[in-house]
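Each reported figure results from applying straightforward, stated rules to the coordinates on display, with no laboratory input. Values in this document were obtained by computation on a predicted structure and should not be read as measured data. All Cβ positions, even for glycine, are placed from backbone atoms using ideal geometry, and neighbour counts span all protein chains on display.
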Amino acid sequence: MIDFLEKWSFFGGSILLILIGLYGVITRKNLIKIFIGLSLMDTGINVLLVSLGYVKGGFAPIITSTINNNSYNFVDPIPQALVLTSIVIGVAVLALGLGVIIKIYEKYNTLDISKIRGLKW
């Protein structure tokens, strides 16, 4: 039972983060809160990708002369590399999005989407 909870806790936590972020994006009207929801979804997807590549008792995929390839389980490095790239892209998108939100606030003096849509025409 403990092995089951240990294995699936990362999946459950990542799906919970994605669903909380989706709820925030769908139900909120404040641009900052919507953007926080998008950031939570991004974090949940990163946790999901890392948990997919996890191997219990696995070692780093560094092959030396003392390690025999057949006797050890190695952790898959591809999801880790993808998540590192995703984190960098996520930070850049976060900075750009917050900059756009600041410009929207300077122009319309509000962060409410319904009011911004009303000022469109």
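So how much slack lies between residue 54 and residue 92, counting 0.36 nm per residue of separation and subtracting their Cα-Cα distance, in nm?
That works out to 11.0 nm of additional length.
Compute, for the chain, the length of the dipole vector about the Cα centre, with Cβ point charges of +1 (Lys, Arg) and -1 (Asp, Glu) only. Units Debye, rounded to 20.
740
Under a plain spin-label model, where a point goes 7 Å from the Cα along Cα-to-Cβ, how far apart in nm are residue 102 and residue 84?
3.0
Rg (Å, one decimal) plus Dmax (Å, integer) for the alpha carbons of the range 2-118?
19.9, 68
May I ask you to evaluate 6.51 cos²θ - 1.76 cosθ + 1.60, the Karplus curve with θ = phi - 60°, for each residue of the range 77-85 and list the ³J(HN,Hα) values in order in whole Hz, giving x for glycine and proline?
x, 5, x, 5, 5, 5, 5, 4, 5
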